[in-house]
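Colleague: Encoded as structure tokens, here's the structure I'll be asking about.
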Amino acid sequence: MVEGLLYLTAALGATAFLLALGRFIRGPSAADRVAAFDVLTIISITGIVLAALAEGRGIYLDVALVYALLSFLGVITVAHYLERSV
Amino acid sequence: MTEIALATGFLLILIGLYGALTNRNLLRMIVAFSVANTGVNLVLVGVGYLRGRAAPILDATLPAAEAPARIIDPLPQALVLTAIVIGVGTTALMLAYAYRLYLTRGTLDISRLRELKW
Amino acid sequence: MIRRATVLLLLLGLGGVFSALLFGYTPDDELNRTAAYYAGQTVRDTGAANIVTAIIVTYRGLDTLGEVTVLFLSAAIVGLVLAHGARAGGARRRPIPPGELLETGSRLLTPLILLLGVHIFVNGHLTPGGGFQGGAILASATLLLLLANPMRRFSHRLIRLLESLSGLLFVLIGLLGLLLAGGFLDNRILPLGTLGELTSAGAIPLIYSLIGLKVGAEFSSMLAALAETQEP
Amino acid sequence: MTALLDLLGAALLAAGSAFLMFGALGLLRMPDIYNRLQAGTKATTLGTLLVLAGAACLRPEWWPKLLLIGLFLLFTNPLSSQVLARAAHRTGAPRSPLTRIDQLEERGGGGS
Amino acid sequence: MTRKARDLAVLFATLMLFWLLLGGGFAADSLLVGALAALLIALLFHDGLSFFTELRPTPRALAAGVFYYGYFFRELLRSNLRMAAIVLSPALPISPGIVRVRTRLKSRMGRLMLANSITLTPGTLTVEIDGEWLYVHCVTLEPGDTEAATAAIATGFERYLEVMYG
Amino acid sequence: MSALLPAMGLLLSAAMLVAALMAVRGRRSLPISILAAGLVSLLASVQFLLLAAPDVAMTEAAIGSGLTTFLFFFILARVRHD
């Protein structure tokens, strides 16, 4: 039961990943791509948590923390760039 | 896993080199280089991976006595860590030079820079 | 056209080599001799739980010194190139106000990001991470401050002081290792402690913290130099 | 007891990634950048929080770090989408033809 | 205690809490290193804010904080269910628009929290904040009287945040 | 759980290749190239984690994906009128 639910989680996460990747590829503007980039980063955090559960190592969570930071800073950087490119 | 990583890494190197050699815009070339750089790192880490083994960090679940039988090769990881840091240094240098070139020549198109033609 | 054909031919050749490597690759079941040495001896030699850290700071410490030097050089050259390349005069655009939300948010988050960076390099011998990652996160805090207020200026003297001081201490600890223990950058100048505690692994946390501060200062100075060049 | 907690954790994980999926679907289907950000931010925040809660149920000893990631996301995620929406509005990102009213436009452009 | 010293102490305490959550534990050495780092950072960023900086130290504010989070999570869940319903329906029933909403909050933290909460709750996203006006993007804007409808966006959270931060 | 990680690895690999192609194709605008390169780096970082190298994963996330992308955008803002 638990195992099955974990597989379901992975499958749903993979679907989410592909959908967000679709938005990243289709665009059309850079802002849309950044939004997709943000969502992809957040989905990757879920991936990291799943990997940590599968391997049973809590130390992987440090990397997830860095990811949360990264998604924020990346979006802010690109927004800053976009605002000045009018 | 190793095979996946190796194949992806090799393909990334090829894609990156293709981009670096066929694009004319300097910034695009640098982007392509950074893609190739990622590919090389992926290949190196992939070579160090052993199936069914854990990360080389000891904790409560991985006591020191069991380490040789249970961890993967730590050496490529240390190497790649260094490579990534140096990679960002070289990228920053390339970018600074590209900016300087843009200021003096007013262009980033390498086909318009005679001295660099090959 | 000829150029493109040459490129494709070159890539095709390279692809051949790569596929030969890929299909000829047989995964090992055992660690090779070097890796087995590191896996078996690290705890006895250095007391560090993170073997990658032990390799970087102690076994290959001299390489890391070189790496930090290369990074320092590249930061210095970036600063130099940009300082001389700064556009003289020119109509400066009206600075766009950064927005209240981002400003408040950056004031809220910067201390936390800095503390995260410190945590990452202080615990480099126990958890993933270390000086380079922690330094990059410190620089990210600088970046956040710069983005929230592009007009902000950082004290170059403070950054340079931090950088040279940590570099100097790093070399000094290395020399102490030569005097008191087995060799340059030997970490056994301090007691090894028990595995898994913060104050263990001899001088490794100290050295990695210094590396972290130095790398953070280097990246920060790089970003500050970039931010000070005028936008067109 | 532990079995029940495990089941709860796994259910939370699945629910969280279902929300992630809805968010990504919204990101793909919505007509303009603002609506995409709406779908993206809300669903990914709740989805990730649920995933973290689920992981905390499966592995209770990890809770401090999971809580930290959750708190961090709770602050950064809406902030980043606000900043991005503002930048998009300033650069005049196209709005969907369905848009009924834009009082920010009426106020007149950028500077505050 | 002056206001500045109080802010510094609050920031330091928040950073220590953060350090403990990061996994330092209560070992003496880790606490010492954490305190040193937190003190340095707090001194270096004296204009740094913390979640608790402008929080009023009264029991009523604390109670409001607890209620605020309860309300917030309920709204977050509701907004997600609504968003899921919109996304899953084939017709995509949206009628978006950007409207402005007045806020009474003055403190910086309160305004940040309000904007964040609005972003995370049903069908709304803060785009710009300018003085006392918030500009909010709504996914489904009801036809008719926008002024009355939009006033409800902020008041739900303001009720608590006003008590917490003022 | 054993099939989970390789499956994730395959998915990541495919996404990385797509993003890499986006990064080097000349027809898209430069910010999009840079973002795509950032995505390659980001996904590589998750891939490193799956290859049991958390140290490298963190370095790649913080330095390779983070700082490099920021540097690119900084320079891009200065050479924009090309």
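The values are calculated or read from the model by the stated rules, or taken from the named source; none is laboratory data. Computed from a predicted structure; not experimentally measured. Here Cβ is always computed from backbone atoms with ideal geometry, including for glycine, and neighbour counts include all displayed protein chains. Side chains included, ligands, DNA and RNA excluded: accessible areas come from the protein's heavy atoms. Shrake-Rupley method; radii C 1.70, N 1.55, O 1.52, S 1.80 Å.
Colleague: Considering only protein heavy atoms, with the full assembly of protein chains and a 1.4 angstrom probe, order D:R86, B:R24 by accessible area, largest first. Kindly include the intermediate steps, with their values, before the conclusion.
Modeller: Working: D:R86 20, B:R24 120 Å².
If we order D:R86, B:R24 from most to least accessible, we get B:R24, D:R86.
Colleague: Counting helices only, and only those DSSP H runs with n ≥ 4, report the 222 nm mean residue ellipticity of chain B as the sum of -39,500 (n - 2.57) divided by its residues, in deg cm²/dmol to the nearest 500.
Modeller: Dividing the helical sum by the residues of chain B leaves -23500 deg cm²/dmol.
Colleague: Okay, next question. Looking at B:I13, B:L93, D:W63, which one has the Cα that reaches farthest to the positive end of the dipole of the protein assembly as shown (charges on Cβ: Lys, Arg +1; Asp, Glu -1)?
Modeller: The Cα lying farthest towards the positive end belongs to B:L93.
Colleague: Given a 1.4 Å probe, how much area per residue of segment E:3-44 is accessible, in Å²?
Modeller: Computed with neighbouring chains in place, this is 54 Å² per residue.
Colleague: Relative contact order for segment F:28-82: what percent, with Cα pairs under 8 Å and sequence separation of 6 or more?
Modeller: 39 percent
Colleague: Suppose accessible area is computed on protein heavy atoms with a 1.4 Å probe; arrange C:E228, C:E67 from highest to lowest. Please report the intermediate quantities before stating the final value.
Modeller: Working: C:E228 70, C:E67 10 Å².
The most accessible residue leads, giving C:E228, C:E67.
Colleague: Can I ask one more? How tilted is helix A:30-55 with respect to the longest principal axis of chain A? Cα atoms for both, answer in degrees (0 to 90, nearest 10).
Modeller: 20 degrees
Colleague: Which one, A:L70, C:H156, D:A93, is farthest towards the positive end of the dipole of the protein assembly as shown when Lys and Arg carry +1 and Asp and Glu -1 on their Cβ?
Modeller: The one lying farthest along the dipole's positive direction is D:A93.
Colleague: If you don't mind, there's one more thing I want to ask. Going by a ≥ b ≥ c, the root eigenvalues of the Cα gyration tensor, does segment A:1-82 fall in the rounded group (a/c under 1.5), the prolate group (a/b larger than b/c) or the oblate group?
Modeller: On the way: a/c = 4.92, a/b = 1.57, b/c = 3.14.
In terms of gyration-tensor shape, oblate.
Colleague: Here's something else I'd like to know. Accessible area of F:M22, 1.4 Å probe, to the nearest 10 Å²?
Modeller: For F:M22, the solvent-accessible surface is approximately 10 Å².
Colleague: While we're looking at this one, here's another question. Using a/c under 1.5 as the rounded threshold, could you call segment D:2-92 rounded, prolate or oblate? The axes a ≥ b ≥ c are square roots of the C-alpha gyration tensor eigenvalues, and prolate needs a/b larger than b/c, oblate otherwise.
Modeller: oblate
Colleague: Next question, about the same structure. Return the carbon/sulfur percentage of the accessible area of segment F:36-79, one whole number, probe 1.4 Å, all protein chains in place.
Modeller: Carbon-and-sulfur percentage of accessible area, whole number: 70.
Colleague: Can you sort D:T45, B:T22 by 1.4 Å-probe accessible area, starting with the largest?
Modeller: The most accessible residue leads, giving B:T22, D:T45.
Colleague: For segment B:24-102, what's the radius of gyration and Dmax over Cα atoms, in angstrom?
Modeller: Just the Cα atoms of segment B:24-102 yield Rg and Dmax of 17.9, 58 Å.
Colleague: Something else now. Determine the calculated [θ] at 222 nm for chain C from helices alone, applying -39500 (n - 2.57) to every DSSP H run no shorter than 4 residues and normalising by the residue count; nearest 500 deg cm²/dmol.
Modeller: Computed mean residue ellipticity for chain C: -23000 deg cm²/dmol.
Colleague: Leaving out ligands, DNA and RNA but keeping every protein chain, what accessible area does C:H125 have, in Å² rounded to the nearest 10, with a 1.4 Å probe?
Modeller: Using a 1.4 Å probe on the heavy atoms, I get roughly 0 Å².
Colleague: Moving on to the next point. Using only the alpha-carbon atoms, how far is helix B:26-48 inclined from the longest principal axis of chain B? Give it as 0 to 90 degrees, nearest 10.
Modeller: Tilt relative to chain B: about 20 degrees.
Colleague: Given Cα positions, please report Rg to Rh for segment F:28-82, the hydrodynamic radius being the Kirkwood one.
Modeller: 1.10
Colleague: Oh, and also: Is there a pair in D:K42/E:K106; D:K42/D:K65; D:K42/E:K4 whose C-alpha atoms are over 31 Å apart, and which pairs would that be?
Modeller: In this structure, D:K42/E:K4 exceed 31 Å between Cα atoms.
Colleague: Would you mind computing the Rg to Rh ratio of segment E:59-164 from its alpha-carbon coordinates, Kirkwood style for Rh?
Modeller: My calculation puts Rg/Rh at 0.99.
Colleague: Next question, about the same structure. Looking at the P(r) of segment B:51-90, how many percent of alpha-carbon pairs lie beyond 11 Å?
Modeller: Distances greater than 11 Å cover 67 percent of the Cα pairs.
Colleague: Just counting partner chain Cβ atoms within 10 Å, what average do the residues of peptide D:48-61 show around their Cβ?
Modeller: Partner Cβ neighbours, averaged per residue: 4.
Colleague: Let me ask something else about it. Relative to the longest principal Cα axis of chain A, at what angle does helix A:61-83 sit, 0 to 90 degrees, rounded to 10?
Modeller: 20 degrees
Colleague: Okay, moving on. What figure in square angstrom, to the nearest 10, would you give for the accessible area of C:Y37 with a 1.4 Å probe?
Modeller: 110 Å²
Colleague: Next up: Rg/Rh for the protein assembly as shown to two decimals, with Rh computed the Kirkwood way over all alpha-carbon pairs.
Modeller: In the protein assembly as shown, Rg relative to Rh is 0.95.
Colleague: Given H placed on each backbone N at 1.01 Å, which residues far from B:A54 in sequence or on other chains put an amide H within less than 5 Å of it?
Modeller: Counting only residues 5 or more places away or on other chains, the set is B:I71, B:I72.
Colleague: With only alpha-carbon atoms counted, please give the Rg and Dmax of chain C, in Å.
Modeller: Gyration radius and largest Cα-Cα distance of chain C: 22.7, 66 Å.
Colleague: If you take each beta carbon of peptide C:63-70 and count the beta carbons of other chains within 10 angstrom, what is the mean?
Modeller: Counting other chains' Cβ atoms within 10 Å and averaging over C:63-70 gives 3.
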